[in-house]
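Reviewing the structure listed below.
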Amino acid sequence: MKSLFLKEINAFFGNLLGYLILALFLVAMGLIVWVFPETSVLDYGYADLEPLFTYTPYVFTFLIPALSMRAIAEEKRNNTWELLQTSPLSLLEIILAKYGALLVLVFLAVLPTLIYYFTILQLGDPAGNLDQASFFGSWIGLLMIGAVFSAVGIFSSALTSQQVVAFVLGVFLCFVLYFGFSALAELNVGNVAYYVEELSLSFHYMNLSRGVVDSGDLFFMLGMIWLFLGLSVLVLRKK
């Protein structure tokens, strides 16, 4: 399992595309936080990183499916999936190794944003004037959103042998999970709006961003992760 995990990490950093995807993410977030007039922290006038935590899930909706689309689809296209199944690893262990590699990539993408935290600490008046509980709650929320989207990406990649199709499916599912249920809840149809909103990742993410890491929000996201990883196993086992 460890060898497969390392193989996935090496495969990502073994070509220029992996570095390019991470670089585009960091450049996009840097522009949103520091440059674009409508979202720039410097123009906002307050020591607050709300733009970072508001727009990163939007970027994740495309970034993580791009990272995960090759996870299983490429193995099928190259006819190496059958060979991988003959290894001593179980199907679940194969999925977990690929998922673990994705988590490392997501963490490496989010880690440099801590630079923004230290920068804002110095820009505050007085220095250090920042709602740190809210920051770290939101930062943990970002990692959890990335973890859920990674599981969704693995599932999308398990459904097809075409990377482009896996990417489109991943974007669609991530969009529905993060934005779709909240949009349905806003319709206020009957008395189910609250329960529909609770199915939305954005609802639980916003709870974490208030600075209170509630076990209910974490358990919901962990449940979503295991749901999609379990579905991936079922799909591959059926095929």
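In this simple spin-label model, placing a label point 7 Å from the Cα along the Cα-to-Cβ direction at both residue 58 and residue 90 gives a separation of 4.3 nm.
Note on the chain: Lys pairs 8 or more places apart or on different chains, Cα atoms under 16 Å apart, count 5.
Of the GluC sites (Glu not before Pro) in segment 1-99, the ones in a loop by DSSP (not H, G, I, E or B) with at most 16 other beta carbons within 10 Å are 38.
Measuring how big the chain is from its alpha-carbon positions, Rg and Dmax come out at 19.0, 61 Å. Carbon-plus-sulfur accessible fraction, the chain (probe radius 1.4 Å, protein heavy atoms only): 68%.
Computed with a 1.4 Å probe on the full set of protein chains, the accessible area for residue 99 sits at about 20 Å². Label separation (residue 31 vs residue 222): 3.8 nm, computed from points 7 Å beyond Cα along the C-beta direction.
Angle of helix 50-68 to the longest C-alpha principal axis of the chain, folded into 0 to 90 degrees and rounded to 10: 10°. Note that segment 37-119 presents 47 Å² accessible area per residue, ligands and nucleic acids not counted, probe 1.4 Å.
From the convex hull of the Cα coordinates of segment 1-89, what is the mean projected area in square nanometres?
The number I arrive at for segment 1-89 is 7.5 nm².
To the nearest ten degrees, helix 215-238 and the longest principal axis of the Cα atoms of the chain are 20 degrees apart.
Relative to the dominant Cα principal axis of the chain, helix 163-175 is inclined by about 40°. 3J(HN,Hα) couplings calculated from phi for segment 85-96 with the Karplus curve 6.51 cos²θ - 1.76 cosθ + 1.60 (θ = phi - 60°) are, in sequence order, 6, 7, 6, x, 6, 6, 4, 5, 5, 4, 5, 5 Hz; Gly and Pro show x. Over the chain, what is the relative contact order in percent, taking alpha-carbon pairs closer than 8 angstrom and at least six residues apart? Here the relative contact order equals 24 percent.
The values are calculated or read from the model by the stated rules, or taken from the named source; none is laboratory data. In this text, all values refer to a predicted model and were calculated from it rather than measured experimentally. Neighbour counts are summed over all protein chains in view; Cβ atoms, including those assigned to glycine, are modelled from backbone coordinates with ideal geometry. The area values use the complete protein model at the heavy-atom level, side chains included, leaving out ligands, DNA and RNA. Shrake-Rupley method; radii C 1.70, N 1.55, O 1.52, S 1.80 Å.
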